[in-house]
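FYI, it's all coordinate maths here, none of it is from the lab. Keep in mind it's a predicted model, so treat the numbers as computed, not measured. All Cβ positions, glycine included, derive from the backbone under ideal geometry; neighbour counts span all protein chains shown.
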Amino acid sequence: MKKLKKLIKGLIITGVLLFVASLIIYYFNLDMKGAAKISPLLEKYFDSKKKEKHL
């Protein structure tokens, strides 16, 4: 019974922390800021790849 209470408590704490983290990411628009930093690296990588033009 103690293990079950400990497990439930851990799951609740983890859920609350993940929810708060997602709100922080949403509020400060961190997902798009991260995508903007990664975008030039992805463009450089994919623009340098050889392209096949079979239509």
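Could you please give the count of residues in the range 7-42 that are outside any helix (DSSP H, G or I) and of a type in the set (S, T, N, Q)? Selection size over the range 7-42: 1. Per this entry, residue 51 is not counted among residues that are loosely packed, with under 10 Cβ neighbours inside 10 Å, assigned to a helix (DSSP H, G or I) and at negative phi.
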